Structures are given as C-alpha cells and as structure tokens.
1. May I ask you to verify whether R90 is within 16 Å of the chain's Cα centre (by Cα), open to solvent by 30 Å² or more (accessible area, probe 1.4 Å) and of a type outside the set (V, I, T)?
2. In this structure, is L32 within 21 Å of R101 (Cβ to Cβ), assigned to a helix (DSSP H, G or I), touching a Leu at 6+ places or on another chain (Cβ under 6 Å) and in contact (Cβ under 8 Å) with a residue 60 or more places away in the chain?
3. As an exercise: evaluate E40 against (1) more than 18 Å from the chain's Cα centre (by Cα); (2) open to solvent by 40 Å² or more (accessible area, probe 1.4 Å); (3) touching a residue at least 60 places away in the same chain (Cβ under 8 Å) and give the number of the one condition it does not meet.
4. Which residues, taken from region 114-123, are in contact (Cβ under 8 Å) with a residue 60 or more places away in the chain and open to solvent by 10 Å² or more (accessible area, probe 1.4 Å)?
5. Where residues in region 108-133 are of a type in the set (G, A, S) and modelled with pLDDT under 90, which of them is farthest from V68 (Cα to Cα)?
6. Please go through region 43-52 and pick out each residue that is touching a residue at least 12 places away in the same chain (Cβ under 8 Å) and either more than 15 Å from G115 (Cβ to Cβ) or surrounded by 16 or more Cβ atoms within 10 Å (Cβ to Cβ) (or both).
7. Under 9 Å between Cβ atoms, at least 6 apart or on separate chains: pull out the pairs that start in region 58-76 with a residue that is closer than 14 Å to G110 by Cβ and end on any residue that is surrounded by fewer than 18 Cβ atoms within 10 Å (Cβ to Cβ) and among the basic types (K, R).
8. Anything in region 124-147 that is closer than 19 Å to L96 by Cα, free of Cβ contacts under 8 Å to residues at least 60 places away in the same chain and not hydrophobic (A, V, I, L, M, F, W, C)? List them, or say none.
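The values are calculated or read from the model by the stated rules, or taken from the named source; none is laboratory data. Predicted model only: the values in this text are computed from it and were never measured. Quick reminder, even Gly has a Cβ in these numbers, built from the backbone with ideal geometry, and neighbours come from all protein chains shown. To get the accessible areas, we keep the full protein, side chains included, count just its heavy atoms, and leave off ligands, DNA and RNA. Shrake-Rupley method; radii C 1.70, N 1.55, O 1.52, S 1.80 Å.
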Amino acid sequence: MLKLLGSLCILAAGGMAWMDRRRTFRQTLETLTELLAALEEMEGAIRLERLPMPRLLSRAALRRDGPVGMFFQTVVQTLRRGEDLVPAWRQAVGELSLSERDRSALAELGEKLTGDETRACQGIQLVSRTLTASLENLRKQQPEREKRGAALWFSGAALLIILLI
C-alpha cells in the first residue's frame, strides 16, 4: 500500500512538472503576442497621433496586463525618476522572460525610440519582424515540444516507480 502511494506521488509530481513546463511555454507565447500588439499600437500612435514617448509608454502600460504591462510600467516608473529612456528600456527588457535573441532585439529598440518618427517606426517594424518570426517558430514547435515533454516527464516518473517496486 505504501509503495502504491509513493508511486502515485511520483506520477503526480511528474505530471505537475510537465504542466508547469507547458504553462511556462504558453506564457512565453502569450507574452510575445501581447508585446507584438503593443508595439503595433505604439507604431500607429507615433505615426497618427504624434504623441510624446512618455505619454505613449504610459498608455501602453495602462492598456496591457501581465508581463507586458509590467514591462511598460517599469519603463514609465524609471522615466519618472528622471532616468533616460535607453537605460530604462534595457532594464525593463531584462525582466521579460524571452529568448536571448528576442531580448537583444527588443533592447536595441530603446535607442531607436529616442529618435525621430521615422527612426522609431523603423525600429518597431524591425523588432516586430524578429518577434513575429520567433512566435511563428515557437508555435510550430509547440506540439512536438509538448509531446516530448510529456514523454520525458512521465517516462522519468515511470522509471522511478519501477525502481520503487
């Protein structure tokens, strides 16, 4: 009876680890999607409304939830303390859970946002293309990653159960 209970605990732990990994992956997809939508809104506001950058970032912070909303809130709060946009942007980018390539592309955008309308919009478009490519790549990999992850966690749990019995 005790071995059965231990086996169920190990199997449950394997399932929970798999679910956590799956949740993290989906959260990354959601963050990329939200970030792309926010950047698209920013580009439109820069072109059409010609808003100053602090107001534009404040608006983005209010309209977004989750990690992307926190990203823009961090930038806005740092700007309110009197720091420049580029270091504030880079610091906030470092807190996002994205790949190194995506973080690097997004960090470079901070420098382009300090320029004129054309430079800012070109920078946003460039980063959007990079993030879109990453998002499409992750979506293509998603089914295979989930299958491999489930196989790995449940095989490991089954191995431990066999060793216990």
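1. Numbers: within 16 Å of the chain's Cα centre (by Cα): yes; open to solvent by 30 Å² or more (accessible area, probe 1.4 Å): yes; of a type outside the set (V, I, T): yes.
Judged against the criteria, R90 is a match.
2. On the way: within 21 Å of R101 (Cβ to Cβ): yes; assigned to a helix (DSSP H, G or I): yes; touching a Leu at 6+ places or on another chain (Cβ under 6 Å): yes; in contact (Cβ under 8 Å) with a residue 60 or more places away in the chain: yes.
Yes, satisfied.
3. Status for E40: all satisfied but (1).
4. From region 114-123, those in contact (Cβ under 8 Å) with a residue 60 or more places away in the chain are 114, 117, 120-121; that's our starting set.
Selection gives T114, E117.
5. Step one: of region 108-133, the residues of a type in the set (G, A, S) are 110, 115, 120, 123, 128, 133.
Remaining after also requiring modelled with pLDDT under 90: 110, 115, 120.
On the way: G110: 15, G115: 23, A120: 19 Å.
Per the stated criteria, the residue is G115.
6. Residues of region 43-52 touching a residue at least 12 places away in the same chain (Cβ under 8 Å): 43, 45-47, 50.
Selection gives E43, A45, I46.
7. Partner pairs satisfying both residue conditions: F72/R63.
8. R129, T130, E136, N137
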